[in-house]
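Presented below is the structure to which this report refers.
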Amino acid sequence: QRLRAAVHYTVACLCQEVEEDKDVQFSKQSIAAISEITFRQCEIFAKDLEMFARHAKRTTVTTEDVKLLARRSNSLLKYITQKSEELASSNMELKEKKKKKSSVAKGERTPGEKQAAVTENEDSNMA
């Protein structure tokens, strides 16, 4: 019930934005119909995503499942793919930062410092 109410509230807010931008009016019945259709479609999406994961013998829905669900809408698929790639790259950056911080905290050298130390050691061995 709370989720349905949240969907209805969000749809009403979006309709209000469209009213302001496009100078149109939405009746309360049309907003209710849009929110009910949206809620039902989300239920269908959730079931489909669950089935995709189960078919792959997984218990977790992945971005690949979401892309499979969105495959019929080229613009939605493109948007989801773009956001997925952005998230993946930002996650990689965060992991790299965490690695650097943990190695510095442990007193380890960063890869650049390790290379400089190896080069310096090689130079002293040659002398």
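The values are calculated or read from the model by the stated rules, or taken from the named source; none is laboratory data. It should be emphasised that the depicted structure is a prediction, and the values quoted were computed from it without experimental measurement. As a convention, Cβ positions derive from the backbone with ideal geometry for all residues, glycine included, and neighbour counts pool all protein chains shown. We work out accessible area using only protein heavy atoms, side chains counted, and drop any ligands, DNA or RNA first. Shrake-Rupley method; radii C 1.70, N 1.55, O 1.52, S 1.80 Å.
Here are some notes:
- Spans of helices (runs of 4 or more DSSP H) in segment 1-96 with at least 1 residues in contact with a Cys (Cβ under 9 Å, 6 or more places away or on another chain): 2-22, 28-55
- Looking only at segment 59-80, residues that are of a type in the set (Lys, Arg) and open to solvent by less than 80 Å² (accessible area, probe 1.4 Å) come to 1 in all.
- Here Phe45 meets each of (1) in the same structural domain as Arg4 (by the TED database); (2) farther than 20 Å from Ala6 by Cβ; (3) touching a helix residue (DSSP H, G or I) at 6+ places or on another chain (Cβ under 8 Å) with one exception, condition (2).
- Selection of segment 29-41 for residues being more than 16 Å from Gln16 (Cα to Cα) and surrounded by 13 or more Cβ atoms within 10 Å (Cβ to Cβ) yields Glu36, Thr38, Phe39.
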